[in-house]
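Single-structure report; data block below.
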Amino acid sequence: MKGNDAGTKRSGKYSARLLISALATVGALLLVALMCFWGCFLYKKFGKTDSQSLAVDVGGGASVVMFHADFHYSSKDVIKKLETLNDEHIIGSGGFGTVYKLAMDDGNVFALKRIVKTNEGLDRFFERELEILGSIKHRYLVNLRGYCNSPSSKLLIYDYLPGGSLDDALHEFGIAEKAEQLDWDARLNILMGAAKGLAYLHHDCSPRIIHRDIKSSNILLDGNLEARVSDFGLAKLLEDEESHITTIVAGTFGYLAPEYMQSGRATERTDVFSFGVLMLEVLSGKRPTDSSFIEKGLNIVGWLNFLVAENRQREIVDPHCEGMREESLDTLLAIAIQCVSSNPEDRPTMHRVVQVLESEVMTPCPSDFYDSSSD
Ligand SMILES: Nc1ncnc2c1ncn2[C@@H]1O[C@H](COP(=O)(O)OP(=O)(O)OP(=O)(O)O)[C@@H](O)[C@H]1O
Ligand SMILES: [Mg+2]
């Protein structure tokens, strides 16, 4: 009996030790997990914000260059504002970097594009090119107001467009909201504005500019759903940089003319092809690489060609688009078909596109030129 008692006591002690060491292990694991969690929390709260904050970029001798007299803020005021920008002010991001909303104390709002730094700050060439882009003003182009000459990054100041991008309006909103906002006339008007902006770049401004990255996320909308072409000239300016390569990969599938993909040489006609794709996107409400085409081994142009071969091209129209007029649809389709022709010679100029669209859109505008005093 005694032997049994001793055995029971020993096994009791053994179980107690086992329990204590198990509890200690669980406790230690919990502590480690807690520390990891705390570490992540601290990183999220401070580490990440610090890395995204613009205070670092504009510290140490940055200055602001303004292109227009109507951007009347002092360099000091702008830099002070830039220092306050962080993740909370981000309104979008793309192949070139991050876009922030920059609200000045007097109520004016701008969009700040922070371009991922891949070489040393802003060099003379870059500054000269920006000055050219900043000198271009047109009713249907997004104004480049100035830039911040920061040693560590490229900060471009644009007009803020409250309607966001056409890409978001077409693809990110719910069906009801889209139907309400983007009826037939609204879509025509957006295409009209985008065509006029691009035609101005191709034919009327000096030097003439090939956009190179026409797509729905580069068509921004103002409060009245008027289109403005954004990011013109940027693709060329940043073409040797990593950021542009990202844009090409991410942004151009479905928009690029076949000869541009082969040769890498952009021309006005490669822009016209992209504009034709944009027209099809606006009419159909589908992205150029929508999964319904990809499943059939096509993109939006291939799909159009398939429908044309069967004389069913009217089926391309978004069923959620209200107020469609068939007579203007036929003309629009005819011009879109020409724009996306695989032979660049068969594509119309943007001037021609504007002429044809103008005969469809019955609200001609007295002056399309940007009036800075109305700003
Ligand atoms: N001037 C602006 N006003 C209002 N929103 C803007 C402005 N510029 C950009 N945005 C928003 O930020 C988003 C990202 O713009 P960004 O130009 O960086 O990328 P993207 O157009 O998608 O691609 P890419 O870098 O090839 O131009 C846009 O889709 C738009 O929603
Ligand atoms: Mg863009």
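The HN-Hα couplings worked out from phi for the range 67-81 by the Karplus form 6.51 cos²θ - 1.76 cosθ + 1.60 (θ = phi - 60°) are 9, 10, 4, 6, 8, 9, 8, 7, 3, 5, 4, 5, 4, 4, 5 Hz, whole numbers, x standing for Gly and Pro. Over all projection directions, the Cα-based convex hull of the range 166-371 averages an area of 11.9 nm².
Measuring against 31 Å, Cα to Cα, the residue pairs Lys81/Lys137; Lys101/Lys286; Lys113/Lys178; Lys137/Lys296 contain Lys137/Lys296 as the ones spanning a longer distance.
Please give the FRET efficiency for Phe253 paired with Ser152, using the beta carbon to beta carbon distance and R0 = 41 Å, rounded to the nearest 0.05. If you can, show how the numbers build up before the last one.
Numbers: r = 32 Å, r/R0 = 0.77.
Calculated value: 0.80.
Extension gain for the segment Ala22 to Phe173, taken as residue separation times 0.36 nm less the Cα-Cα distance, is 49.0 nm to one decimal. Database remark: amide H of Asp159 closer than 5 angstrom to the amide H of Ala111, Asn143, Arg145 (H placed geometrically; neighbours at sequence offset of 5 or more, or on other chains; Pro and chain starts carry no H). Of the residues Pro151, Tyr140, Leu166, the one whose Cα sits farthest towards the positive end of the charge dipole of the range 124-178 is Pro151 (charges of +1 on Lys and Arg Cβ, -1 on Asp and Glu Cβ, taken about the Cα centre). For the range 172-179, backbone phi angles converted through the Karplus equation (6.51, -1.76, 1.60; θ = phi - 60°) give residue-by-residue couplings of 9, 7, x, 4, 5, 5, 5, 4 Hz, Gly and Pro being listed as x.
Each value in this text was obtained by applying a stated rule to the coordinates, not by laboratory testing. Bear in mind the structure is a predicted one, so any value in this text is a computation, not a measurement. In this analysis, Cβ positions are derived from the backbone assuming ideal geometry, glycine residues included, and neighbour counts consider all displayed protein chains.
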